[in-house]
Structure formats: C-alpha cells, structure tokens
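**Student:** Okay, handing you the structure first.
The values are calculated or read from the model by the stated rules, or taken from the named source; none is laboratory data. Please read all numbers here as calculations on a predicted model, not as lab measurements. All Cβ positions, even for glycine, are placed from backbone atoms using ideal geometry, and neighbour counts span all protein chains on display. We work out accessible area using only protein heavy atoms, side chains counted, and drop any ligands, DNA or RNA first. Shrake-Rupley method; radii C 1.70, N 1.55, O 1.52, S 1.80 Å.
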Amino acid sequence: MSSTSMRTHLCGDLRRDDVGETVSVCGWVARRREHGEHLAFVDLRDHSGIVQCVVNDDVDVRSEYVLRITGTVRDRPEGTVNDDLGTGSIEIGDCEVEILRVATPPPFPIDARADDVDENTRLRYRYLDLRRERMQRNLRIRSAVNAAVRGSMHDQGFVEVETPMLVPSTPEGAREFLVPSRKEPGSFYALPQSPQLFKQLLMVGGVDRYYQIARCLRDEDLRADRQYEFMQLDMEMSFVDQDDVLDAVSASVLDAAEAVTGERPDPIERITWHEAMNRFGIDKPDLRFAMELVELTPVFSGTEFKAFSGALEPGGAIKGIKVDGGADDYGRNRLDKLTDRARSAGAKGLVWLKATDDGFDSPVAKFLSESEVAGVKEAMDVSTGDLVLIVADEWSTTCEVLGTLRNEIGRPPVHEGPYRYVWVVEFPLFVGRDAETGAPKSGHHPFTMPHPDDVDKFDTDPMSVRSIAYDLVLNGWELGSGSIRIHEPELQRRVFHALGIDDEEAERKFGFFLNPFDYGAPPHGGFAFGLDRLVAILAGEDNIREVIAYPKTQSGQDPMTNSPNPGDPAALRDLGLRVLPTAD
C-alpha cells in the first residue's frame, strides 16, 4: 500500500524486522545533525513518522528539503537507541541521497513547537502546518470517522444521495449565504444550511433510507465549535418512529468512535429535555462530572426569607448545586464574581453557603431556620468544607443559571475522557412567544411532529406541548439534532395555526415544500450530526479548526488565500450588482 515507483517504505514504518534490507524512503528533512568528521544524521519525515539516515557530511541538505534516500536498514549502535521514536532502534546507512526539491526555510518549526505560534500565521502557511504530526494525525482520524460512518450507513441499507448546493432561500433561522444569478439579475440562490428540503422529498420519492456526508453553510459568528462551512452526516428514513432513527444514528456514531479509539462505547443513554434541565440546567448536558442541580423548593416551602419566598409561586423553583470542598477555594472576591455571573445569566441574585460543623457561614445564614439548614444539608449531602450555591427564580431561569455556573466551575475540557454520549428527547414543540403577535415560536422547525400525548393541549396549553425531537450530545457539545416529521396535512395545519401562520401564508412560504406531500408522503424522520465536532473530541482537540484542513479564522478570514476580497468590477456588472459605500 505504501510502496510507489519512488519508495519502498514509509519513513515511520521501518522496524528491526527490516534490518539488512535495502530500502528507499521519501520525505522532508526534519533535522540535520553533524556526526563525526565525515558523516551527518538526517531525520527524514513523512506522514507516518521520522527515520534517521546516516549520510556523507558533504551532502548539503537543509530543513524541509524534499529527498529520496536509498540505503540499508541496520541496528543503531549501542547506547543510541531512542525509545520515544517508533523507528528508534534502527537507522538507514550507506545512503544515496537524491534532492527532489530544495526549500525556503519555513516561518515556524514543523513540529510541536508550532502549537505556540500565532494561529493566523499557522493558517497563512496552512500547507506547512499540515505537515506536522498533530495535523496529520487529526486528518487521518477524520478520514477514519468518515469511512466508518459511510460503512455503517451502507450496512444498514442507506443510499448515499447528493443534493444541490444552489438552493432556494429557506426559513431555517440562521443567516444564509446568497449567490447572485447571472441569468436572472436581482435573483439569488442560497447555499444550503442543510439538505432538509431535499432529504424529505427523497422520502416522498420512495428512496426509503437516505444519507450523505453533506457540506452545509451558515453565515453565523464563528467560535471554537462553529465554522461558516461544516460537514454533517445527514440522514432520513421512511416508515419509522423515534427509536428507529436513534438506533440507526447510534450505530454509526459508535462505529466511528470504535474506529478511532479501538473500543466500542457503551450504548447511548437517553434522558428527556425536562430531566436534562432539572438535573443539569442545560439541554446539552455534560455527564462526565457530578454537581447536579438539587431541588430545594420543598425545603423552603414555609420560608420567611424574601429572596426565596417569591419563587414559591407557581412556575418558580429553588435549586442548588454543591461544590465539593469549595468553601476554602472560594473567597469573597470569587464569590462576588459568581454572583455577578449569575445576574448576567438572568438571575436576580445568588445565595452562597459555606458548610461548617455548626451550620452555614453566609451573609444570609441568619435568615435560615434550623430546619431549613438541616434540610439543605440532607438534600444536598453536604459535608463540612463544601460550598452550596442556590438560585430562586422562575423554573427556567433557576435551571439555566445554575447550569451555567455548573459548567463554568466544574466542566473539564471537552476532549477529556470519558466520552459520555446522551440522547436528549422530548424537546418542547414551542419555545417562547413572538414579541409582536404573542404566538408561540417553533423550538425546532414547524414540520416537527408533536408528541401524540400532547396534541390535545394545542388550544389550552401550547407551551407544554412536547415534540418528537431529539439531540445527540457528547461531553456537553451538541453533535446534532433531528425529529420525526409531520406528514399529515391536518396536523401540519394545526401547528401552523398555533404559530400564527394562516393557510395563505403557509402556501406562500412552504407550498413548494409541502405540496409534494399531497402525492403521498410516508411517515418519516431524520437526523444530522456535525462530523467536525465529533472528530475534534475524538482527536483530543477543543477547537474544530484543528481538524479541518483549511478553516477560517474566528473573524471569518482565510489568511492563506486572503479571502474574502472585493469582487471584480466586471463580474459585479455581469451579475447586476453594485457595492454601496459603507455608512459612516
């Protein structure tokens, strides 16, 4: 597999079993070192690793020269074995060196030291950065994940189908990239945020099981887990329920993880959205650490402490988290910062209690009764030296604020093991209300199937209606989401009406998508998860830019190609476009 017309082996593959064999290797000069009066060591590197070659001292090769070296594999002399190197027990001697290309000195070391180089510089010279062991490893992990995912989907009977890149603008929530049409000036295509429209129409078309590794694009602010362009496993299935979709996706994700780690993760557990919020304060729960939210409302059911009593009204909640041994670690300055953080996250305030042998040390301790102190200690299993943080507010605010504090205090880096996958199911069908109309807003998208047990609540209590929607989360990162789709016209109409969308507006906005359903749409559902995020975690990276060959910076720039850049005036004229001056 590795041999070509120019080489017999890869540099990093040579071992003691190859001693005595004449070999040819190709690669880049990682380092040249003098060895005695007439010889020199050349460490030759390719993607597989480094091998030491002993060459004549008059061979003039320098860092990153491209060489072909032919010689004989031999044992290293006693005392020179390098146990940290896969090829550390051998070297290549009697070398003939062919210089295939000289090289300009690189702007940074092509090794681990480049981790400390400014990211813009690394991305400007990404073709050099990619030569490093870390980047080579990451790209090969990505390739293994892609291959495993494709193999898993194929084994489950899915058909790989490509969908268009030039699509109509769709109301998916995020800002789109628009592409002007030269043939129809003033008209635009959009680049796909997802293949949602087309994959559901494939189900109408009888494909039954579809997938692709799709490139999607969204004009959103970039961050560690987000790029303008991203890759996702996109899939859709006909004649299925939620369990069928989750089982199919779980198989592909676990196959991918096993391909990289060599071990198959445990079956993926499931929790409801409501349980996730109650226990972790977030719908992307990180299960690797404890510090779960504890319900304290019953403890303070008769409290006279005004900061808590207001949360005893319907819709309120009092909850706490415990920081084991945190009393000594958190002085007044750090506690003030936590309080400020809680307020910025939406809470009216934050109560902190430091556990002592006698009770709690806190500015509010005098307002708590003996039974309340005992109740908190029992409910939260508090020991002397622990720190307790309590929020009393609306249920959603209480959960979200404590979830934020929990993550900021206790969450380890996303790539650190163990890998804890979890399905979050039964998301709310509606989240919040439109500020102008007062109508509910979709929690997922307007084609998501309501939970069958909640359909009767549309008119009486729409905000309590659950959906058959689900997210896959790994170590607190959302990998992806999906849902069972509405395929019945009357139910779709009820959802539209709940959203304040009448029949005329529905036809105008969604007719191109829904009219094909009149020709016979099967029950169907699907999912999509981000391969960039999964690969980053499996590769031990905190940022998806490290597992993408050519990413953009956090500001959306590409230093290597110097893009984006102003459009060519002639091309803009052909497209019927004119760039307006920026406003002062």
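**Student:** Do you know which residues across segment 16-38 are within 38 Å of the chain's Cα centre (by Cα) and of a type outside the set (A, V, I, L, M)?
**Tutor:** Hits for segment 16-38 are Cys26, Gly27, Trp28, Arg31.
**Student:** Checking the conditions here, which among Val465, Val547, Val473, Val535 is modelled with pLDDT of 90 or more, touching a strand residue (DSSP E or B) at 6+ places or on another chain (Cβ under 8 Å) and more than 21 Å from Pro440 (Cα to Cα)? Don't jump to the end; show me each part of the working.
**Tutor:** On the way: Val465 fails: more than 21 Å from Pro440 (Cα to Cα); Val547 fails: touching a strand residue (DSSP E or B) at 6+ places or on another chain (Cβ under 8 Å); Val535 fails: touching a strand residue (DSSP E or B) at 6+ places or on another chain (Cβ under 8 Å).
Result: Val473 is the single residue among Val465, Val547, Val473, Val535 that is modelled with pLDDT of 90 or more, touching a strand residue (DSSP E or B) at 6+ places or on another chain (Cβ under 8 Å) and more than 21 Å from Pro440 (Cα to Cα).
**Student:** Can you find, within segment 221-249, the residue that is most open to solvent (accessible area, probe 1.4 Å) among those that are assigned to a helix (DSSP H, G or I) and free of Cβ contacts under 8 Å to residues at least 40 places away in the same chain? Even if it seems obvious, please write down each step before you answer.
**Tutor:** Step one: of segment 221-249, the residues assigned to a helix (DSSP H, G or I) are 242-249.
Those still in the list that are free of Cβ contacts under 8 Å to residues at least 40 places away in the same chain too: 243, 247.
Values: Asp243: 69, Asp247: 89 Å².
The qualifying residue most open to solvent (accessible area, probe 1.4 Å) is Asp247.
**Student:** Right, here's the next one. Only residues that are in contact (Cβ under 8 Å) with a residue 24 or more places away in the chain and either assigned to a helix (DSSP H, G or I) or over 18 Å from the mean Cα position of the chain (by Cα) (or both): list them for segment 267-284, please. First the steps, then the outcome.
**Tutor:** At the first step, the residues of segment 267-284 found to be in contact (Cβ under 8 Å) with a residue 24 or more places away in the chain are 268-274, 276-278, 280-284.
The answer is Glu269, Arg270, Ile271, Thr272, Trp273, His274, Ala276, Met277, Asn278, Phe280, Gly281.
**Student:** Report yes if Arg134 is of a type in the set (Lys, Arg) and within 24 Å of the chain's Cα centre (by Cα), otherwise no. Don't jump to the end; show me each part of the working.
**Tutor:** Details: of a type in the set (Lys, Arg): yes; within 24 Å of the chain's Cα centre (by Cα): yes.
So Arg134 passes the test.
**Student:** Shifting gears a bit: Quick check, is Gly576 touching a Ser or Thr at 6+ places or on another chain (Cβ under 6 Å) and open to solvent by 40 Å² or more (accessible area, probe 1.4 Å)?
**Tutor:** Values: touching a Ser or Thr at 6+ places or on another chain (Cβ under 6 Å): no; open to solvent by 40 Å² or more (accessible area, probe 1.4 Å): yes.
Here the answer is no, as Gly576 does not meet what is asked.
**Student:** Just to check your reading of the model, which residue among Arg175, Arg279, Arg218, Arg270 is of a type in the set (D, E, K, R) and under 27 Å from Arg140 (Cα atoms)? Give the steps one after another, and end with the answer.
**Tutor:** Numbers: Arg175 fails: under 27 Å from Arg140 (Cα atoms); Arg279 fails: under 27 Å from Arg140 (Cα atoms); Arg270 fails: under 27 Å from Arg140 (Cα atoms).
Exactly one of Arg175, Arg279, Arg218, Arg270 is of a type in the set (D, E, K, R) and under 27 Å from Arg140 (Cα atoms), namely Arg218.
**Student:** Could you tell me which numbered condition Thr384 fails, if it satisfies all but one of (1) in a loop (DSSP other than H, G, I, E, B); (2) surrounded by 20 or more Cβ atoms within 10 Å (Cβ to Cβ)?
**Tutor:** (2)
**Student:** May I pose another question? Within segment 198-217, identify whether any single residue is at positive phi and small (Gly, Ala, Ser), and answer yes or no.
**Tutor:** Kept after step one, since they are at positive phi, are these residues of segment 198-217: 206, 208.
Those left that are additionally small (Gly, Ala, Ser): 206.
So far as segment 198-217 goes, yes, one or more of its residues are at positive phi and small (Gly, Ala, Ser).
**Student:** Would you pick out the residues in segment 509-562 that are among the hydrophobic types (A, V, I, L, M, F, W, C), assigned to a helix (DSSP H, G or I) and open to solvent by less than 20 Å² (accessible area, probe 1.4 Å)? I'd like the intermediate steps shown before the answer.
**Tutor:** Here is the first cut: in segment 509-562, the residues among the hydrophobic types (A, V, I, L, M, F, W, C) are 510, 512-514, 517, 521, 527-529, 531, 534-539, 544, 547-549, 560.
Now restrict to residues that are assigned to a helix (DSSP H, G or I): 510, 512-514, 517, 531, 534-538, 544, 547.
The answer is Phe510, Phe513, Leu531, Leu534, Val535, Ala536, Ile537, Leu538, Ile544, Val547.
**Student:** While we're on this one: If the Cβ limit is 7 Å and pairs must be 6+ apart or interchain, which residue in segment 14-37 that is touching a residue at least 60 places away in the same chain (Cβ under 8 Å) pairs with which residue that is hydrophobic (A, V, I, L, M, F, W, C) and part of a helix (DSSP H, G or I)?
**Tutor:** Val25/Cys11
**Student:** Those residues that are open to solvent by 30 Å² or more (accessible area, probe 1.4 Å) and either farther than 30 Å from Asn543 by Cβ or hydroxyl-bearing (Ser, Thr, Tyr) (or both), I need them from segment 398-416; list them, please. Lay out the reasoning, then the answer.
**Tutor:** Filtering segment 398-416 for residues open to solvent by 30 Å² or more (accessible area, probe 1.4 Å) gives 400, 404, 407-409, 411-413, 415-416.
The one that is open to solvent by 30 Å² or more (accessible area, probe 1.4 Å) and either farther than 30 Å from Asn543 by Cβ or hydroxyl-bearing (Ser, Thr, Tyr) (or both): Thr404.
**Student:** Quick one: in segment 322-364, which of the residues that are assigned to a helix (DSSP H, G or I) and open to solvent by less than 30 Å² (accessible area, probe 1.4 Å) is nearest to Glu400 (Cα to Cα)?
**Tutor:** Looking only at segment 322-364, we keep the residues that are assigned to a helix (DSSP H, G or I), and these are 332-344.
Those still in the list that are open to solvent by less than 30 Å² (accessible area, probe 1.4 Å) too: 335, 338-339, 342.
Values: Leu335: 18, Leu338: 14, Thr339: 14, Ala342: 10 Å.
Among them, the one singled out is Ala342.
**Student:** Could we say that Ser5 is farther than 19 Å from Arg76 by Cβ, open to solvent by less than 80 Å² (accessible area, probe 1.4 Å) and either modelled with pLDDT of 95 or more or assigned to a loop (DSSP other than H, G, I, E, B) (or both) here?
**Tutor:** Numbers: farther than 19 Å from Arg76 by Cβ: yes; open to solvent by less than 80 Å² (accessible area, probe 1.4 Å): no; either modelled with pLDDT of 95 or more or assigned to a loop (DSSP other than H, G, I, E, B) (or both): yes.
For Ser5, the condition - farther than 19 Å from Arg76 by Cβ, open to solvent by less than 80 Å² (accessible area, probe 1.4 Å) and either modelled with pLDDT of 95 or more or assigned to a loop (DSSP other than H, G, I, E, B) (or both) - is not met.
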